[in-house]
Amino acid sequence: MASVTAIRRAATVGLTAVALAAGALLPAHPATARERPNPAHNDVLFVGAHPDDESGALSTLGQWGESSGRSAGVVTITRGEGGGNAAGTEEGAPLGLIREREERAAVGIAGVRNVFALDKADFWYTLSAPLTAGVWDDADSTDTLERLVRLIRATTPDTVVTMDPRPFDQHGGHQLSARLTAEAFQLAGDPSAFPGQLSEEGYEAWRPDTLLAQNWGFDGPAGRECAREKATDPATGLPVRGYWEGTWSKRHGSTWAQAERDAQRKYVTQGFDAQPEKITTPREKLGCDWFTVLAEDGEPVPSEARSQSGLRPVYAEFRDWAHRVEMPWLANEAQPDYPEPPSTTVPEVNTAPTVDGSGSADEYPGEELELGHWQGESCESSADCSASAKLARHGHDLYALVRVEDEQRGAALDSGDCKRHWRTDAVELALDPRGDADSTAPTYKIGVLPLTSDGDGGPCVTRDADNHQGPAPGVEVASQSEDPYSGYTVEVRVPLTELPAAADPERLSANVMVYDSDTGDRTGQSRLAWSSFGSAQADPYTWGTARLSGYRPPEGQPTTPREPEIPREAARSRDSLPSILQSLRTGVPLAGGPRLPR
């Protein structure tokens, strides 16, 4: 007898073939076939980069549907394959398919039925929209934009909701999904944009009315009056709308804040199920979901554009994009006032330190670098979480000694999960060899777990979110824990010859980070860093200077960083039964691809 897996595979193959051909059989947009309803129509279309990006807007999408009957769909450009997994060992494409199932279960609680995945590759955490664009599309390709335009034409929404396009301290995928959505919003109603969608695929130009962007950083009032607040975003000058999370849901018998929490706990691989099951904030103290109004009546909402001088490349590129899409005010104050980064001189030692997890004053004669709070919960005391680091150099090797005070161990991960070090107690060391990187792609970063759950329980080390994520050849690592437990020490040796380019002795920049977890659920609570401004692990602009006194790189080591090697594995809609069934139901081809010519 055939196995269930074999039967499912055969059914999936058959359904895929039908779905791929379905575009040739579908009715045109309702404007040309009004007697036949559009099965793909949604009043609202949310566009994000990953499963869970919509999680903070589900109370709004849900109450729109319940109170006004407005249907909503979600576009997810990737399936989050490059992220971590708090629930198992799956990664890459298998993880992406799991995350899609979690997303569908979560958004279903808010009444969202359609989830359109575009099959683009997710990779490690970056703050760079341009770097992300190079992974999602080949040079000069507009494929992702074309798919978004097609989905707007296919689903005919009046309102499009997306993420914040501004660059500081925000995932590059979030930025880029918002940028592409703003462009697609404008292009979908233009018959000259991707005209083959009209002449060959049978769509019609469609101009949505309203474009909203999530504004997580907006500090508005709490309580039911927040939804009536005439608010303005202080940076862009654009109007901000609030939708109260305390609105009561008759369908759920709770506030929409509670329904949203129930939904968020479905994102298990992201560790969201570790959130408390019940919302305990009194209803009248619940706040609003805030959205900046980017466009109304199909046109950008005008505001005052204020120029900003001295822009670094990331922010200059964003300013140029904002001007191209005729919304220059989006770049107002986009570059923050970066503080002067810390600096230190790394002493050269005559004898190489012994990498044993201890470290003596003779081995590390330089200054002690104190790590401050960077992200997450503040440490209740130095014993709860605090850390310091010391650096030294011998020959072409850089040594780091990191001492951590910690009252509670986090989860012990398998050494195969070393790249997920930020989910538990861990140390990270970041090095920018030339001191001029605009993203972590030309840099060298390693993550260290001080203990693991396999083998002898010793430490593991891996490169992460850098020029070549994966094993860390030549790196030596050791750790020691206090008994009874009150913290740990990590010591590493990094060959400077392994950096993506020769280390500039006067401009090498660095950061040392500590991740603290006090639970066993693979979620972190506090983060510390030597240079703690912004996104300390991913923004080289904020890293400190680590001068290498007397150092001369080996002759022949390049001064231009190697091209980064970035994972491009993506889950595919053709392997997702829910996506296939949705395609058959809505008539929208898999991954927002083209209909067969009519």
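The values are calculated or read from the model by the stated rules, or taken from the named source; none is laboratory data. Keep in mind the model is a prediction, meaning the values are calculated, not measured. Here Cβ is always computed from backbone atoms with ideal geometry, including for glycine, and neighbour counts include all displayed protein chains. With ligands, DNA and RNA removed, areas are computed over all heavy atoms of the protein, side chains included. Shrake-Rupley method; radii C 1.70, N 1.55, O 1.52, S 1.80 Å.
Can you pull out every residue in the range 262-277 that is open to solvent by 40 Å² or more (accessible area, probe 1.4 Å) and either more than 16 Å from Arg522 (Cβ to Cβ) or of a type in the set (Val, Ile, Thr) (or both)? Walk me through it before giving the result.
Of all residues in the range 262-277, those open to solvent by 40 Å² or more (accessible area, probe 1.4 Å) come to 262, 265-266, 268, 270, 272-277.
Correct list: Asp262, Lys266, Val268, Pro276, Glu277.
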Residue among Thr560, Thr586 that is open to solvent by less than 40 Å² (accessible area, probe 1.4 Å) and more than 24 Å from the chain's Cα centre (by Cα): Thr586
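Out of all the residues in the range 244-261, which are in a strand (DSSP E or B) and surrounded by fewer than 19 Cβ atoms within 10 Å (Cβ to Cβ)?
Trp248, Ser254
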Leading residue by the ranking (nearest to Ser360 (Cα to Cα)) among those in the range 379-414 that are without any contact (Cβ under 8 Å) to a residue 40 or more places away in the chain and in a strand (DSSP E or B): Lys390
Qualifying positions in the range 278-292 - within 20 Å of Gly253 (Cβ to Cβ) and surrounded by 13 or more Cβ atoms within 10 Å (Cβ to Cβ): Ile279, Thr281, Arg283, Leu286
Pairs with Cβ under 7 Å, 6+ apart, first in the range 225-254 and among the basic types (Lys, Arg), second in a helix (DSSP H, G or I): Arg251/Glu66
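Looking only at the range 90-110, count every residue that is basic (Lys, Arg) and farther than 16 Å from Ala49 by Cβ and tell me the total.
Going through the range 90-110, the residues basic (Lys, Arg) turn out to be 99, 101, 104.
With the extra rule that they be farther than 16 Å from Ala49 by Cβ, the set shrinks to 101, 104.
Of the residues in that region, 2 qualify.
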From the options Arg574, Arg552, residue that is basic (Lys, Arg) and surrounded by fewer than 17 Cβ atoms within 10 Å (Cβ to Cβ): Arg552
Residue list for the range 293-319, restricted to those being open to solvent by less than 90 Å² (accessible area, probe 1.4 Å) and among the hydroxyl-bearing types (Ser, Thr, Tyr): Ser303, Tyr315
Criterion: within 26 Å of the chain's Cα centre (by Cα) and touching a residue at least 24 places away in the same chain (Cβ under 8 Å) - qualifying residue of Ala193, Ala222, Ala205, Ala184: Ala184
Tabulated pairs, the range 300-312, first under 25 Å from Tyr338 (Cα atoms), second among the charged types (D, E, K, R), C-beta under 9 angstrom, 6+ apart or interchain: Arg306/Glu333; Ser307/Arg319; Gln308/Arg319; Gln308/Glu333; Leu311/Glu317; Leu311/Arg319; Arg312/Asp438
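Name the residue, out of Val512, Val490, Val477, Val494, that is touching a strand residue (DSSP E or B) at 6+ places or on another chain (Cβ under 7 Å), open to solvent by 10 Å² or more (accessible area, probe 1.4 Å) and either over 24 Å from Asp397 (Cα atoms) or in contact (Cβ under 8 Å) with a residue 24 or more places away in the chain (or both). Show your work before the answer.
Details: Val512 fails: open to solvent by 10 Å² or more (accessible area, probe 1.4 Å); Val490 fails: open to solvent by 10 Å² or more (accessible area, probe 1.4 Å); Val494 fails: open to solvent by 10 Å² or more (accessible area, probe 1.4 Å).
Answer to the check: Val477.
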Residues being modelled with pLDDT of 95 or more, open to solvent by 40 Å² or more (accessible area, probe 1.4 Å) and not charged (D, E, K, R) - total across the range 186-217: 9
Candidates Asp456, Asp438, Asp417, Asp425, filtered to the one that is touching a residue at least 24 places away in the same chain (Cβ under 8 Å) and either surrounded by fewer than 22 Cβ atoms within 10 Å (Cβ to Cβ) or in contact with a Leu (Cβ under 7 Å, 6 or more places away or on another chain) (or both): Asp438
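For the range 490-518, which residues satisfy the criterion of being among the hydroxyl-bearing types (Ser, Thr, Tyr) and over 30 Å from the mean Cα position of the chain (by Cα)?
Within the range 490-518, Thr497 is the sole residue that qualifies.
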Candidates Glu91, Glu100, Glu54, filtered to the one that is in contact (Cβ under 8 Å) with a residue 60 or more places away in the chain and among the charged types (D, E, K, R): Glu100
